[in-house]
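Before any comments, here is the structure.
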Amino acid sequence: MSYEKQITYIQPQSLPKPFGYSHVVEAAGGRTIYVSGQVPLDKDGQLVGEGDMAAQTRQVFENIKAALESAEASFEDVVKLTFFVTDITQMASVRGIRDAYVNTERPPASSAVEVRKLIRDEFLIEVEAIAVANAR
């Protein structure tokens, strides 16, 4: 049995206008894909962008892109992103890079959390993704 995904982006009038994310994303049908938190390591396990939030964010999004492609999905299918950053004041830079990957007309639901540290001291960002793609 094959299911076609249906995704609805909802911005309730009773909530403040969101900036770069959707308050509610309803997904039905399709396959749910969970992408583990991605960190700024290249395919050889080498750190990209030591001390540089923008460079690390680009690598993280490239890693998410590769993970999605491995499941025959894309950023068009992403319904939720969760950001873990060591310096929340750099979220404007992070959002700018994110916007090069996601559909800014229908952005995914999103959460951002400042953390004291990540699994390695040199990591400045980690991002998880949830996608809903059409059935294979």
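Each value in this text was obtained by applying a stated rule to the coordinates, not by laboratory testing. Values in this document were obtained by computation on a predicted structure and should not be read as measured data. Ideal geometry is used to build each Cβ from the backbone, glycine not excepted, and the neighbour counts take in all protein chains shown.
Inverting the pair-averaged 1/r between distinct Cα atoms of region 6-133 gives 15.0 Å as its Kirkwood hydrodynamic radius.
When only the Cβ of Lys, Arg, Asp and Glu is charged (+1, +1, -1, -1), the dipole of region 6-133 relative to its Cα centre reaches about 380 debye. Could you let me know the centre-to-centre spacing of region 104-136 and region 68-91, using Cα atoms, in angstrom? So the two Cα centres are separated by 4 Å. The residues neighbouring Asn103, those whose beta-carbon lies less than 15 Å from its own, together hold a net charge of +2 under the Lys/Arg +1, Asp/Glu -1 convention.
Working note: 222 nm ellipticity from helices only, DSSP H runs with n ≥ 4, each -39,500 (n - 2.57), summed and divided by the residues of the chain, gives -6000 deg cm²/dmol to the nearest 500.
Treat each spin label as a single point 7 Å out from the Cα along the C-beta direction, and report the Gln13 to Thr82 distance in nm. For Gln13 paired with Thr82, the spin-label model returns 3.3 nm.
Applying 1/(1 + (r/R0)^6) with R0 = 25 Å to the Cβ-Cβ distance of Ala71 and Ala112 gives a FRET efficiency near 0.55.
The label point for Glu122 and the one for Glu4, both projected 7 Å from the Cα toward the Cβ, are 4.8 nm apart. For the chain, the share of DSSP beta bridges that are antiparallel, to the nearest 5, is 75%. Binning the C-alpha pair distances of region 22-71 at 5 Å intervals from 0 yields a P(r) profile of 5, 18, 22, 19, 16, 10, 8, 3, 0 %, listed from the shortest bin outward. Set against the 2.2 N^0.38 Å expectation for a compact globular protein, region 61-136 has a Cα radius of gyration ratio of 1.13.
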